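In what follows, a single structure is set out as structure tokens and then discussed.
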Amino acid sequence: MTTRRDFLRIAAAAAGAAGLAGISSSSGGASVPRAGISLDLLILGGTGFIGPHQVQYALERGHKVTVFNRGRNPGLFGDSVEELVGNRDPKIDNGLEALMGDRTWDAVIDNSGYIPRHVRDSVQLLKGRVGRYLYISTVAVYDTSRATVFPEDGPLLPLPDPTVEEVTWETYGPLKAECDRIVQMELGPAATIIRPSYIVGPGDTTDRFTYWVERINRGGDVLAPSFPDMVIQWVDVRDLCPWIINLVERDTSGIYNAAGPSSEVTRAGLMWGIRATTNAPVRFWWPDQALLDELEIAPPMLDWNPRADGQSVVFANEASMRVGLDYRSLADSTSGTLEWWNAQPAERRAEPRGWIPADKEHQAIARLEGA
């Protein structure tokens, strides 16, 4: 099903949307060619971290975009985007009412599906009214106790209790795995599943990768993560989101791990790679996990160990690269993130999320130095 509606994009409006979203152009300032066919796209969510990047690139490509969310950030994209207000939970506010009826879209991108019941309701409501359903899953769906290398057909975590709907550190992976299965079972070849690893880059609301970029660029004695030889994978939002729109344009089916870079990098390699982008003197201190646990320090982005034994877990990325996902360099991700972070208002930079408190970092380094 393809409506192929014409959509005239106003360049100034698209630029305004990028500014309001607090992100730089996904194209890095280069001209983005128009798509051969203008699509009518529905994005569930759209105002968090990855949504604005998707919306901006879709507008640059000449597509019509509708977002459905709770309306907590109205007018983010000006007049460029149609905004539908509701809730994934039909029991709250007007629920999915704004999506009901016989309206169709060429594709839906589901950024906000965390609860199986919500995803099932959305899928069943839109089934037959969208040409493609692209669901943003996560590599956290894999059962890392059963293997160390995960292609896309690797084992997923079970959801032991289907009544559980609270998203916590422990339930996030199993809940997303069940959502992942629902989309596949309900839609078959009309579904596309994207399983990203850590998403980094400008606009990151989690502040995880940003911590390491800012901290290392500040220089001095830096408390590094434990398990320095463990492989770490990530994807830059400026690579991920244009690729997602391109998959929809090509009507690409399948399941894809979005887990870069193209060659393996360890945690130590990540630290030294960021270190290479600054002239500030830096000395790394490498703690073991026991010290971090004792001092209750959770290094941002690196506080999740897929395996407690410290053995590396690798999410295969060959399939994603075959269908066009290019992973930019760590240096590019670092410089882009630092530029974005330094441009944020002082009050935003004064209250980052989940960063290691300076006193705890000093305490850990003093213990390591004394040893």
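The values are calculated or read from the model by the stated rules, or taken from the named source; none is laboratory data. Just so we're clear, the structure is a prediction, and the values are computed from it rather than from any experiment. Glycine gets a Cβ as well: all are built from the backbone with ideal geometry, and neighbour counts include every protein chain shown. The accessibility values were calculated without ligands, DNA or RNA, using every heavy atom of the protein model including side chains. Shrake-Rupley method; radii C 1.70, N 1.55, O 1.52, S 1.80 Å.
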Examine segment 132-140 for a residue that is open to solvent by less than 10 Å² (accessible area, probe 1.4 Å), among the small types (Gly, Ala, Ser) and modelled with pLDDT of 95 or more, and state whether such a residue exists.
yes
Report yes if residue 253 is surrounded by fewer than 18 Cβ atoms within 10 Å (Cβ to Cβ), of a type in the set (Gly, Ala, Ser), under 30 Å from residue 192 (Cα atoms) and out of contact with any strand residue (DSSP E or B) (no Cβ under 7 Å at 6 or more places or on another chain), otherwise no.
no
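Specify which of the listed residues (237, 248, 282) is touching an Asp or Glu at 6+ places or on another chain (Cβ under 9 Å), more than 26 Å from residue 57 (Cβ to Cβ) and surrounded by 14 or more Cβ atoms within 10 Å (Cβ to Cβ). Talk me through it step by step, then tell me what you get.
Numbers: 237 fails: more than 26 Å from residue 57 (Cβ to Cβ); 248 fails: more than 26 Å from residue 57 (Cβ to Cβ).
The unique qualifying residue is 282.
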Here the qualifying pairs (Cβ atoms under 8 Å; residues six or more apart or on different chains; first in segment 254-265 and within 9 Å of residue 235 (Cβ to Cβ) and in contact (Cβ under 8 Å) with a residue 12 or more places away in the chain; second open to solvent by less than 20 Å² (accessible area, probe 1.4 Å) and among the β-branched types (Val, Ile, Thr)) come out as 258/194; 258/235; 259/139; 259/235; 260/235
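If you check 307, 328, 322, which single one turns out to be among the charged types (D, E, K, R) and surrounded by 15 or more Cβ atoms within 10 Å (Cβ to Cβ)?
Working: 307 fails: surrounded by 15 or more Cβ atoms within 10 Å (Cβ to Cβ); 322 fails: surrounded by 15 or more Cβ atoms within 10 Å (Cβ to Cβ).
Just one listed residue meets the conditions, 328.
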Which condition breaks for residue 89 when tested against (1) over 17 Å from residue 248 (Cβ atoms); (2) in contact (Cβ under 8 Å) with a residue 40 or more places away in the chain; (3) in a loop (DSSP other than H, G, I, E, B)?
(2)
Please list, ordered by first then second residue, the pairs with beta carbon atoms under 7 Å, 6 or more apart or interchain, first in segment 160-189 and at negative phi and open to solvent by 10 Å² or more (accessible area, probe 1.4 Å), second of a type in the set (S, T, N, Q) and in a helix (DSSP H, G or I).
186/124
Just need a number here: residues in segment 62-80 that are surrounded by 15 or more Cβ atoms within 10 Å (Cβ to Cβ) and over 21 Å from the mean Cα position of the chain (by Cα).
5
Check on residue 213, assigned to a strand (DSSP E or B) and under 30 Å from residue 363 (Cβ atoms):
no
Touching a residue at least 12 places away in the same chain (Cβ under 8 Å), of a type in the set (Val, Ile, Thr) and assigned to a loop (DSSP other than H, G, I, E, B): does that describe residue 32?
yes
So which pairs qualify, if the first residue must be in segment 337-352 and closer than 22 Å to residue 273 by Cβ, the second must be open to solvent by 80 Å² or more (accessible area, probe 1.4 Å) and aromatic (Phe, Trp, Tyr), the Cβ gap must be under 8 Å, and the two must be at least 6 apart or on different chains?
none
Specify the residue that is nearest to the chain's Cα centre (by Cα); the eligible residues are those in segment 88-97 that are on the phi < 0 side of the Ramachandran plot and modelled with pLDDT under 95.
88
